[in-house]
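Please treat every number below as a calculation from the coordinates, not as lab data. Nothing here was measured: the structure is a model prediction, and the numbers come from that model. Ideal geometry is used to build each Cβ from the backbone, glycine not excepted, and the neighbour counts take in all protein chains shown.
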Amino acid sequence: MSLEKPEAIIIGGGFAGLSLAVFLAELGYQITLFEKKPLLGGRTYAFVDRKTKCWVDNGQHLLMGAYHETLRFVDTIGANYALCSQKQENVPLILDSGEKINFKNHLIGILGLKALSWKDKFNLISLYRSLKNLNKLASLTVRQWLVNEGQSLKSQKNFWDILTLATLNDDPEVACAKNLATVIKKGLLGNAHDARMIFPKTNLNDLLAKPAKAYLELRGHKIIRDSQVDCIHILDKKIQSVELTDGTEYRANLYVSAIPFQGLLQIIPPGFVDSLPYFSNLKKLETSPIVSINLWYDKEIFEDFFVGSAYGSVHWFFNRNRISDVTHPPYHYMGVISGARHLLDSSRDEILEIAKKEIEILFPKAKEATLIHSLVNKEREATLSPTPASELLRPEVQSPFENFLVIGDWVKTELPATIESAVVSAKLAAEIAKARLKIEETKVSLAG
C-alpha cells in the first residue's frame, strides 16, 4: 500500500504564497496556486509606467542580511542575480537641521552617531539590557520604550524615528516596541552580514514572480492567475473545497490562505468568522500605508545608494540608477513616506510638490536638473499596523480547521510584518505539512 502524492491549494501569489509553493513542492506536494490578479507578487509587485513603458516597483522594498529564509528562497528559485548588496559602508542620514551625517548600521556605528548625545549613548546600556526580554516590550509603543530608556527627543527625531518608520512602516507613537527591538537585535546587533542592506536591482516582477513561476511550472505545478477564490466550503472542522467566482470547485489534502487578513475574512463563511475568535479578531487589525514618489531627472542629483531623512515629510530617498547599475539618463529617484495616513486624501500633485521642494533643499544639484517625469503611488494597505494590540491579535499559522493553514507577513512569526516574516510564515506552514506527511506515511506503513 503506497501513499498517493498529496495535493495542496494555495490562495495568493505573493512572497508568502510563492515561497510556500516552493517549500511544499520540495516535500512532494502537488501544488495549485490561485492568484486573483493578472500578475504575481501580492503587495510586492511591479507595473509598467504608461509614459516611459518601463517597469516600476510599487515601492522600494529592502532586504537585510538577517533575512535568512527570504535569501534562501530567492536562491532556490535562482534569482540571486537580481539582488544587490549594500555597496556603501556608511548609511547617510540628513538631520532635522538639514545637516548630512553618516553612520555604520551596527552597534559601533550607533555609538559613534552624531545625532545621539553622550547621555543618549550612555543610556543605550539600559536600552540594550531591555532586549533580553522582548515580551516585556510587547505592551509598549516605541515612543514609550525610548522615553523610558532615557533617549532624548532629539535622538528620537534624528535616528530612532527614521529607523522605526523604515522597518515598521508606522509612527513611533503607535508602533510596538517589541517589533523595533527585534529589528535591533537581529539586524543592528547581529554580525556584519546580517546588518547589511540588500536591494532588488531589477524590478520586483523579475525578482519574484517570473523565477518563482518558472521554478514551479517546470516541475509540473499549476499557477492560475486571474482566478479569485470566492468562498471556502467547510464541514466537520475541515475544508472540503474552494470555490472560484465562476463556480468551479477545487479539492486538495491541504489548503493554505496566503492573502491579507481583509481578503481572508471575505472567503470564510460569516458564521465561522463570528463564532471563532481566530477569525473574528482579524476584524480588529489595521493597516498602515506607504506613499512612493518616483522622479526622473536629466542629471544626477545625488550619488549615494539611498539617504535617510529626518528633515521633512519624505523619510528615504533611493537612487534607482545606482542600485540598478544604470549610468546614463534619465536618472530615477524614489522618495518614500512611511505610515503616510495624512497624505491619503492629498492629490498626487500635492504630494509631488512636497517631495520636489524637499529634494531641492536637501540635494542642491536638483535645482540645476530638469524633472522629466514623475509618478506617485499610494499603497493604502501596505502593511499591518504594528501596534501593541495587533501583536496580541496576530494569528497562529495553524487555523481552527485541521487542513487549513494561514500565512503572510501579518501572522504570528515573532518578526515585524516584513518580507522575511512572510517567508518565515511559509516555512512554519511547511514544517506543519511535513509533520503531517510523516504521520500519514506511518499510518500507511502500519496498514501495509
field: the chain: relative contact order in percent, alpha carbon pairs under 8 Å with at least 6 residues between
entry: 23 percent
- request: Go ahead and run the numbers for FRET between R219 and L276, Cβ-Cβ distance against an R0 of 45 Å, rounding to 0.05.
  value: 0.80
statement: Which of (i) 22.0, 89; (ii) 23.0, 69; (iii) 22.8, 79 gives Rg and Dmax of the Cα atoms in Å as computed here? It is (iii)
query: Non-local amide H neighbours of C231 (under 5 Å, H modeled in plane, Pro and chain starts lacking H): which ones?
result: E243
- prompt: Ranked highest first by average number of other Cβ atoms within 10 Å, how do 341-348, 190-197, 295-302, 28-35 line up?
  reply: 28-35, 295-302, 190-197, 341-348
statement: Contact order relative to length for segment 87-195, counting C-alpha pairs under 8 Å separated by 6 or more residues, stands in percent at 27 percent
field: Residue-span extension gain [K438 to R50] - 0.36 nm each, minus C-alpha spacing
entry: 134.6 nm
message: Can you work out the Karplus-derived ³J(HN,Hα) for every residue in segment 209-215? Use 6.51 cos²θ - 1.76 cosθ + 1.60 with θ = phi - 60°, whole Hz, and x for glycine or proline.
response: 4, 4, x, 5, 4, 5, 4
message: Only bridges whose two residues both fall in the chain count here: according to DSSP, what percent of them are antiparallel, nearest 5?
response: 70 percent
query: Tell me, how many Å apart are the Cα centres for segment 377-448 and for segment 7-59?
result: 17 Å
message: Give me, ordered by chain and number, the residues 5 or more places off F306 or on other chains with an amide H under 5 Å from its own placed amide H.
response: N319
statement: Listing D304, D409 by rising number of other beta-carbon atoms within 10 angstrom, fewest first, gives D304, D409
message: Quick check on the chain: helices-only [θ] at 222 nm, where DSSP H runs of length 4 and up contribute -39,500 (n - 2.57) each and the sum goes over total residues. Nearest 500, please.
response: -9000 deg cm²/dmol
message: Per 0.36 nm of contour for each residue apart, how much would the distance between E353 and H68 grow if the chain were fully extended, relative to their Cα-Cα spacing?
response: 98.7 nm
- line: Amide H neighbours of L33 at under 5 Å, excluding residues fewer than 5 places away on the same chain, with H built from the backbone geometry, are I10, K222, I223, I224
query: HN-Hα J couplings of segment 26-40 from phi, Karplus 6.51/-1.76/1.60, θ = phi - 60°, integer Hz, Gly and Pro as x?
result: 5, 7, x, 6, 8, 9, 10, 10, 10, 10, 6, 8, x, 10, 7
message: Could you sort the peptides 171-182, 227-238, 375-386, 38-49 by per-residue average Cβ neighbour count (10 Å cutoff), highest mean leading?
response: 171-182, 375-386, 38-49, 227-238
- request: Using a cut-off of 11 Å between beta-carbons, work out the net charge of the residues near L207 (Lys and Arg +1, Asp and Glu -1, L207 not included).
  value: 0
- prompt: Once phi is turned into θ = phi - 60°, what whole-Hz ³J(HN,Hα) does the Karplus curve with 6.51, -1.76 and 1.60 give for every residue of segment 294-299, x standing for Gly and Pro?
  reply: 9, 9, 10, 10, 7, 9
- prompt: With r defined as the distance between the Cβ atoms of L344 and S445 and R0 fixed at 56 Å, what FRET efficiency is calculated, to the nearest 0.05?
  reply: 0.45
Net charge of neighbours whose Cβ lies under 12 Å from the Cβ of A355, counting Lys and Arg as +1 and Asp and Glu as -1: -2
